[in-house]
Amino acid sequence: MKTDLLILGTGIAGLSIAVKAAEKYPKRNIAIVTKLIPEESNTQYAQGGIAVVLDKLEDSFQNHIKDTLISGDGHCRKKVVNHVVRNAPKRLKELIRWGAQFDKKTDTLLALEREGGHSHNRIVHHKDITGSEVIRALLHTARELPNITFLDHHFALDLLLDSSRKKCFGIMALHQLSGTIIPLKAKNTVIATGGVGHIFGHTSNPSIATGDGIAMALRAGARTRDMAFVQYHPTVLYQPGVSMPFLISEAVRGAGAHIRNAAGERFVLQYDPRGELATRDIVSRCIYEEMKRTGKSHVFLDATLLSYSHFQNTFPTILKKCESIGIDIRKDWIPIVPAQHYLCGGISVDKNGQTSIQQLYACGESSYTGLHGANRLASNSLLEALVYAHEIVLHIGKHLRKNIFSKKISTPIYDLTKPETPKEILTILTQTLHNVMQHYRGIVLTSEELRTATELLEKLYQEAKALTYQYRTTASLYEVINMITVAQEIVVQSLDQNKNRGCYYNKDL
Ligand SMILES: Cc1cc2nc3c(=O)[nH]c(=O)nc-3n(C[C@H](O)[C@H](O)[C@H](O)COP(=O)(O)OP(=O)(O)OC[C@H]3O[C@@H](n4cnc5c(N)ncnc54)[C@H](O)[C@@H]3O)c2cc1C
């Protein structure tokens with residue numbers, strides 16, 4: 001298959017690029033690949049919403065810029081922050097034109113909520129299921145556009161590069177239903193494969209978040225940045241043994257819920273005067289410290305103070321989840337614990353979304369633009385994807401004619417003749433990875449722990465790599481190798497940090 005534009009991933013980043021490019025260049029063909037079904041992505045689970053300044057009387061771009069810079073702890077690229085914040089209203093308008101619906105305050109005004117780190121109410125949302133509404137609208141629009149081809153159940157294995165390894169010409173993909181491996185050649189390729197949550201045992205991310213795109217880019221020699229900044233979400237429902245624990249949106253704290261220890265104390269105020277509305281890095285760290293101090297496995301979110309009818313209207317999914325496990329939010333506190341949530345760094349891109357490899361772009365959570373600095377401000381992730389999707393489509397348009405298919409593509413070699421890796425082997429490798437990351441690359445760490453993690457991960461990588469000679473190429477084997485590869489990069493870049501900032505905290509610095 002040959003295509004003008006190949007997009008890896010059907011989250012907000014991939015789908016908005018597909019829709020925008022298909023509308024703008026109707027004669028060009030676009031293929032969008034996903035390893036499962038298009039509905040499954042991190043975006044699907046986004047609750048809180050999209051940060052956009054709409055109320056210019058109460059709020060301003062300057063306020064949003066300032067909040068993003070404070071949250072990023074002095075490590076954001078100011079130009080990028082400025083650009084993203086100022087373009088947010090235009091990109092939101094476009095998303096609404098594509099059919100996304102957001103809660104309204106009046107017939108003409110959108111309802112705006114507040115989240116941690118935001119000085120004003122500016123979170124545009126669809127109840128507490130913003131992500132699934134965005135995906136519904138984008139998928140519907142994309143499916144109506146004749147020049148978009150969906151390739152579901154296609155697992156992207158590796159990038160196709162020219163012999164100098166400077167240009168990208170598509171990918172090698174494994175069709176998971178037939179078990180065949182095919183080249184998907186493209187003039188332009190975009191990595192929009194999302195996050196890395198499953199490198200960590202305890203994460204808010206769904207199982208697709210195995211860092212495949214970042215690992216693929218690393219294998220191809222693309223530059224990555226800020227991989228040390230792994231964000232933990234402070235309020236994830238405490239449910240031991242559940243593989244994807246349920247997130248209690250930051251907007252619940254924004255609406256006035258308090259964090260308490262078992263004794264009922266609002267301990268967060270001792271760490272930061274903003275209390276529950278401090279940024280995620282600070283709230284997560286103080287919960288971690290409090291759990292350590294008290295020897296408890298979790299703390300609580302007290303929403304008993306909130307208006308029940310407001311909660312019912314704004315957070316119906318969270319309410320349903322709480323009720324399903326016997327929590328009555330009118331009188332019970334919700335048990336919570338921090339969990340890995342987001343990677344602030346990723347594949348390094350310029351203002352056009354271009355990576356260090358020609359004809360290769362990255363967008364969304366798998367990319368590093370410089371917006372988030374050392375700690376992403378809540379609801380800035382969906383926004384970043386929308387703004388950069390726009391830049392990528394414009395840039396591709398300017399260069400589309402010049403890009404030709406290379407005749408000299410080096411194709412990686414895969415093996416489909418051998419048996420599949422036994423599931424138990426992959427489970428042991430994954431559990432070992434989780435243990436290493438939990439014990440040596442947690443919310444608070446030491447340099448010694450990082451050095452131990454480096455050694456253990458190298459050993460683990462060698463064990464996983466050896467399996468590729470013994471067993472056939474499968475998505476699950478690749479996912480394990482990808483997770484270890486990205487974990488190694490996170491640890492290496494963590495060791496490079498010489499000061500604590502945002503969500504990176506080393507006790508030795
Ligand atoms: C529970 C939760 C709540 C959140 N709430 C918010 C919020 O309110 N506001 C906000 O701004 N952010 C929020 N976030 C973060 C935000 O949702 C994500 O950062 C964002 O959706 C990422 O979008 P994306 O398009 O980059 O990736 P994703 O939405 O994760 O999409 C990745 C896509 O890539 C595909 N893929 C991955 N690997 C491969 C492969 N090897 N081959 C083929 N396809 C592949 C996946 O199948 C998927 O289709 C939340 C995240 C979570 C987990």
- Between residue 416 and residue 27, what length comes free when the chain is fully extended (0.36 nm per residue of separation minus the Cα-Cα distance, one decimal in nm)? 136.4 nm
- Message: Students often forget the sequence filter, so: which lysines lie under 18 Å Cα-Cα from residue 331 once same-chain residues fewer than 8 apart are removed?
- Response: 320, 321
- Query: Each residue of the stretch 74-91 in turn: what ³J(HN,Hα) in whole Hz from Karplus with 6.51, -1.76, 1.60 and θ = phi - 60°, glycine and Pro shown as x?
  - Reply: x, 10, 7, 8, 4, 4, 5, 4, 4, 5, 5, 4, 6, 8, 4, x, 5, 5
- Query: Taking Cα centroids, how far is the stretch 86-124 from the stretch 166-200 in Å?
  - Reply: 33 Å
- Item | Value of [θ]222 nm, deg cm²/dmol, for the chain, DSSP H segments ≥ 4, -39500 (n - 2.57) each, nearest 500 | -12000 deg cm²/dmol
- Task: Calculate, for residue 62 and residue 304, the FRET efficiency according to 1/(1 + (r/R0)^6) with r their C-beta to C-beta distance and R0 41 Å; round to the nearest 0.05.
- Result: 0.70
- So what is the relative contact order of the chain, in percent, for Cα pairs below 8 Å that sit 6 or more residues apart? 21 percent
- Taking alpha-carbon centroids only, the stretch 19-61 lies from the stretch 376-445 a number of Å equal to 18 Å
- Listed pairs 2/78; 2/90; 20/167; 27/167 exceeding 31 Å between Cα atoms: 2/78; 2/90
- Note on the structure: Residue-ordered couplings for the stretch 389-396, obtained by feeding phi - 60° into the Karplus form 6.51 cos²θ - 1.76 cosθ + 1.60 and rounding to whole Hz (Gly and Pro as x), are 4, 4, 4, 5, 5, 4, 5, 4
- Which far-off residues, 5 or more places away or on another chain, put their amide H under 5 Å from the one on residue 194, with H placed in the peptide plane? 365, 366
- Stokes-Einstein, Kirkwood over Cα pairs, the stretch 362-509, 25 °C, 0.890 mPa s; D in µm²/s equals 132 µm²/s
- Note to self: Kirkwood Rh of the chain, Cα pairs, one decimal, Å, is 23.1 Å
- Item | Label point 7 Å beyond Cα of residue 498 along Cβ direction - residues of the stretch 341-373 with amide nitrogen under 12 Å | none
- Query: Based on the Cβ-Cβ distance from residue 408 to residue 1, what FRET efficiency comes out when R0 is 22 Å, to the nearest 0.05?
  - Reply: 0.70
- Message: Please list, in order along the stretch 449-460, the HN-Hα scalar couplings obtained from phi with the Karplus expression 6.51 cos²θ - 1.76 cosθ + 1.60 (θ = phi - 60°), rounded to whole Hz, x for Gly and Pro.
- Response: 4, 5, 5, 4, 4, 4, 5, 5, 5, 5, 4, 5
- Query: What is the set of long-range amide H partners of residue 160 at a cut-off below 5 Å, with H atoms built 1.01 Å from backbone N?
  - Reply: 169, 170, 171, 172
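Computing the accessible area with a 1.4 Å probe over protein heavy atoms, can you report the carbon and sulfur percentage for the chain? Each step should come with its number before you reach the end.
Values: 10490 of 20290 Å².
Looking at the chain in its full context, I get 52 percent from C and S.
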- Query: For the chain, what is the accessible area per residue in Å² when the probe is 1.4 Å?
  - Reply: 40 Å²
- Sequence-distant residues sharing a close amide H with residue 348 (under 5 Å, placed H): 223, 224, 225, 368
- Task: Using the charge dipole of the chain (Lys, Arg: +1 at Cβ; Asp, Glu: -1 at Cβ; taken about the Cα centre), state which of 358, 462, 483 has its Cα farthest towards the positive end.
- Result: 358
- For the stretch 186-268: Kirkwood Rh in Å [reciprocal of mean 1/r, alpha carbons]: 15.7 Å
- More than 20 angstrom apart: percent of Cα pairs within the stretch 238-340: 35 percent
- Item | Residues in the stretch 430-464 reached by a label modelled at residue 291 [backbone nitrogen below 12 Å; 7 Å Cα→Cβ] | 438-439, 442-444
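The values are calculated or read from the model by the stated rules, or taken from the named source; none is laboratory data. Remember, predicted model here, so these are calculated numbers, not experimental data. Cβ sites come from the backbone with ideal geometry, for glycine too, and all protein chains shown count toward neighbours. Heavy atoms of the whole protein, side chains included, go into the accessibility calculation; ligands, DNA and RNA do not. Shrake-Rupley method; radii C 1.70, N 1.55, O 1.52, S 1.80 Å.
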